[in-house]
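Chemist: Before I ask anything, let me first share the structure, which is written out below as structure tokens.
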């Protein structure tokens, strides 16, 4: 830390900080129109002049030297700053300073006594309103470059540039065309940093930035699992702007298009505002009392016909921790069954199983703050630039500052474009690839012998297996050139502090758990888990609370905190809190629920916030299961594909209307707070579960979300130190956190692993092929995933401006395949697999490899998940979304 004196006040700032930081730490306000604390300093506007040890300098580019004496309040300094601001303002039209303009420049002028008359420029440079979320007014641009630096340094998209010369210099999209057709990904960073209002969000939030926003509600984003802290500005009960929190523990003042702008669904006329009950084949509006009576009557009938195990619930990764806790408690206490699961079954259940087997706990090993410090990043089966944009931007920033990057992914997208080595394995060959990397680490001595000897188990078995995976054989299996494999292993093996980040490209396979464990082997071999020699193995979670839904025990074989229901000691702890016996037999997983419904054994299914007909694999058979089940209850925001098959649809609150907590991808609990009321008669899932319990004649306890989290801590010691009050004070706390007076564990396993013997366990599973292979009838391999503008089935993002940014599901295919099958860019395609058909639009590019195609699943009408198979991970039943054999044909226009 560095101590200096500002106007006679002593302040301390971090080493390397600027004088501007020191001045602000002293509580002195200075204009700094080219400066943003998130960006590198420019020193171009000269509005932050101070006197440091007798010399007049620009505070933003001058380092705070130890013992320096800084003066800000002298008459000559005030006049210099006033002259600099007046000169900048003089080039702008009068409207830049009139009215209640919230811009930074207008605020600076008012503080310096400059009125609207200071702005004397002319109108006429025009604007760009082509983009749904970002509008440009060139007449207000002062060419400070903050937006360009934000796009390059924070977001890493490099979509903006400055064009023109002299006084005519303005910001513009780098492509030269309209903003909407540029590379902009609508993160909003340029809006947030613009000091004049030249770049704004259209609508009620126009001109607001996180630095100058009115009072707002702090909450946590309800889209992906990054856990961005957001400030929600409201007026008259409606959201006017959502701004990234400057002090957000993960996002650090940044956001993505979804969290920042995709809140239009809140006021969509398609929002469900009252319960719907199926009568004579039609869903009709009814009151809550009638709906709840039907739910309770149907649940009792199901229990009467088939016992408690004839009822099942699919809880929600979109719901809060407290809601998920209450759902699993309801199923176990009121119904008397362990038939509860959540969508982690479809994405990261292999992570939970694999990480638990390797290390002992079902979460990533390190905080993202530590991962970002790695000198070598191994990013596997993930495209965070699109699926987790804030994480993607932070990782790219680290790479641009010198960290080595190895990407293993079949597609050339996102971070792969910046990789030192890009490995492109054939889909379904991950285990062989990871064994090949481990073979090189072991044979070249790039392992930590001391760590392996003192803290790991299973090395002899793994070493014997790895003899069968030399680089040339791995090349035959995976298609990855042997020299690339060796180069990647050496980068990871020689790094001082490597980190592994992975996504669904590892888990969503027939042998996904084997993939997670084989990937974890690499970190164990390097001694990069629980030590200062690396930052472990870290999964990127796809949905906002998929980690928390599992943490809370919404799983058929695990109670809150991952205690096994088959363990008498675990059950007795829950029974002591709940006061009733807990069933000892594990319940049904999601695929088993559907199979049981088709077989007539499952007679009631409660689906909470998941559109299983759109997102689950082999969706034709999912729909058949719902149609066969005598009672299907669905909690939803909209009449989704699943809701259309339901008998009762209950309208519920969205994440911006809820109270509780989420757990993000690196195990941080964070608060969720309601910013606006729910529409009509919609209720939170928390209140709905309570109401159903009452209708069943039960008091489930936990009257508030805070009470539910506290009760969860009594059952699961790893959460015992957490509470709403603590999170309100501290902002974010990672689990394990057993003590309210001690911090949570951001970095795991520093002393011992959580396995029975305290060691990390190396795994030696052989490579086994995927469930499907291309052949003459179905010659292409389909991989599915996410795109940057949308989220899951698109129920929220398709109801707003995001639809203009990404209007349809495309099928990406390589030019060689397009030529082979007579497909032109933009052609309407029918895509067929053994399981169903989908309709997609062709997009020809070299992002995919020959023989492979890619599509997202954001538009249920396209039917992408009708194509995917029922093959699933042999350990966890996670579907094999990433390997489906398909064929394509061009749809000919009728007539």
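Computed from the coordinates by the stated procedures, all read-outs in this text should not be read as laboratory data. As the structure is a computational prediction, the values presented were derived from the model and not from experiment. Don't worry about glycine lacking a Cβ; one is built from the backbone with ideal geometry, like all the others, and counts go over all protein chains shown.
Chemist: Please list, by residue number, everything in the stretch 798-821 whose backbone N is under 20 Å from a paramagnetic label point 7 Å out along Cα→Cβ of residue 175.
Modeler: So the set is 801-815.
Chemist: What relative contact order, as a whole-number percentage, does the chain give when Cα pairs under 8 Å and 6 or more residues apart are counted?
Modeler: This gives 13 percent for the chain.
Chemist: Something else about it: So how tilted is helix 430-443 from the main axis of the chain? Cα-based, degrees 0 to 90, rounded to 10.
Modeler: 70 degrees
Chemist: Relative to the longest principal axis of the chain, what angle (0 to 90°, nearest 10) does the C-alpha long axis of helix 685-695 take?
Modeler: Its long axis makes an angle of about 40 degrees.
Chemist: Is the C-alpha gyration tensor of the stretch 349-539 telling us rounded, prolate or oblate? Criteria: a/c under 1.5 is rounded; beyond that, a/b larger than b/c is prolate, otherwise oblate.
Modeler: Judged from the Cα gyration tensor, the stretch 349-539 comes out rounded (a/c under 1.5).
Chemist: I want the antiparallel fraction of DSSP beta bridges within the chain, as a percent rounded to 5.
Modeler: Percent antiparallel among DSSP bridges in the chain is about 55.
Chemist: By what distance, in whole Å, do the Cα atoms of the stretch 120-267 stretch along each of the three principal axes, largest value first?
Modeler: 43, 32, 25
Chemist: Give me the angle, in degrees from 0 to 90, between the Cα long axis of helix 705-715 and the longest principal axis of the Cα atoms of the chain, rounded to the nearest 10.
Modeler: Tilt relative to the chain: about 60 degrees.
Chemist: Quick check on the exposure proxy: order 341, 592 from fewest to most C-beta atoms within 10 angstrom.
Modeler: Ascending number of Cβ neighbours within 10 Å: 592, 341.
Chemist: Still on this structure, I have one more. Calculate the length of the line joining the C-alpha centroid of the stretch 793-843 to that of the stretch 95-161, in whole Å.
Modeler: 38 Å
Chemist: OK, next. Evaluated at 37 °C with a viscosity of 0.692 mPa s, what Stokes-Einstein diffusion coefficient in µm²/s does the chain have when Rh comes from the Kirkwood expression over alpha-carbon pairs?
Modeler: It comes out at roughly 114 µm²/s.
Chemist: Could you rank the peptides 132-139, 725-732, 802-809 by their average count of other C-beta atoms within 10 Å per residue, with the highest value first?
Modeler: Packing order, densest peptide first, comes out as 132-139, 802-809, 725-732.
Chemist: Computed on alpha carbon atoms, what radius of gyration and Dmax characterise the stretch 780-890, expressed in Å?
Modeler: Cα-based Rg and Dmax for the stretch 780-890 come out at 13.9, 41 Å.
Chemist: Let me ask another. For the stretch 627-771, would you read off the P(r) tail past 18 Å as a percentage of all alpha carbon pairs?
Modeler: Percent of Cα pairs beyond 18 Å in the stretch 627-771: 70.
Chemist: Can you sort 258, 750, 329 from fewest to most other Cβ atoms within 10 Å of each residue's own Cβ?
Modeler: Arranged by neighbour count, lowest to highest, 258, 750, 329 become 750, 258, 329.
Chemist: Figure the gain on full extension for residue 891 and residue 273 (residue separation times 0.36 nm, minus the Cα-Cα span) and round it to one decimal in nm.
Modeler: Full extension of this stretch gives 218.6 nm more.
Chemist: Would you compute, for the Cα atoms of the stretch 2-90, the largest minus smallest coordinate along each principal axis and list the three values in descending order, in whole Å?
Modeler: Sorted largest first, the three principal extents are 38, 29, 21 Å.
Chemist: Here's another thing I want to ask about it. Arrange 333, 57 by Cβ neighbour counts within 10 Å, fewest through most, would you?
Modeler: Fewest-to-most Cβ neighbours within 10 Å comes out as 57, 333.
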